[in-house]
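Step one of this worksheet: look at the structure below.
The values are calculated or read from the model by the stated rules, or taken from the named source; none is laboratory data. Every value quoted in this text rests on a predicted model; they were computed, and no experiment measured them. Here the Cβ is made from the backbone with ideal geometry for all residues, glycine too, and neighbour counts use every protein chain on show.
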Amino acid sequence: MQIEQLDHLVLTVQDIERTCEFYRRVLGMGIVTFGGDRRALQFGRQKINLHQVGHEFEPKAVRPTAGSADLCFISATPLDEVIAHLQACNVT
């Protein structure tokens with residue numbers, strides 16, 4: 001299995017507006033709105049999607065809590081091979 005690139009990262013936060021302001025002010029990240037009212041931080045070709053605790057979007061983490069994150073990678077490897085590889089590595 002080979003990962004080609006990071007598609008996005010999801011950060012679950014307590015307050016989306018405060019989070020956007022911090023990353024914009026401190027790290028110079030752009031703020032984008034997509035899919036209606038979803039927000040993301042953008043830098044270069046990468047983005048961090050934001051989920052607010054209690055108002056997450058699907059798909060979401062099993063137990064989303066403020067400060068938690070999940071990653072989405074892009075791979076040319078077929079999904080069944082990715083799953084088999086992760087299972088063989090004891091990744092659940």
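Check whether at least one residue in region 5-13 is more than 13 Å from CYS72 (Cα to Cα) and in contact (Cβ under 8 Å) with a residue 12 or more places away in the chain, and report yes or no. Explain how you work it out, then say what you get.
Our first condition is that a residue be more than 13 Å from CYS72 (Cα to Cα); within region 5-13, this holds for 12-13.
The next check asks that each one be in contact (Cβ under 8 Å) with a residue 12 or more places away in the chain; those that pass are 12-13.
Checked against the condition, which is being more than 13 Å from CYS72 (Cα to Cα) and in contact (Cβ under 8 Å) with a residue 12 or more places away in the chain, region 5-13 yields at least one hit.
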Between a first residue in region 17-43 that is farther than 19 Å from ALA69 by Cα and a second residue that is assigned to a helix (DSSP H, G or I) and of a type outside the set (A, V, I, L, M, F, W, C), which pairs have beta carbons less than 6 Å apart while being 6 or more apart in sequence or on different chains? none
Among residues of region 39-77 being charged (D, E, K, R) and more than 12 Å from the chain's Cα centre (by Cα), the residue modelled with the lowest pLDDT is ARG63
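Yes/no per residue for (1) surrounded by fewer than 13 Cβ atoms within 10 Å (Cβ to Cβ); (2) in contact with a Pro (Cβ under 8 Å, 6 or more places away or on another chain); (3) under 30 Å from ASP80 (Cα atoms):
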site	(1), (2), (3)
HIS8	no, no, yes
VAL13	no, no, no
ARG18	yes, no, no
GLU21	yes, no, no
ARG24	no, no, no
ARG39	no, no, no
GLY44	yes, no, no
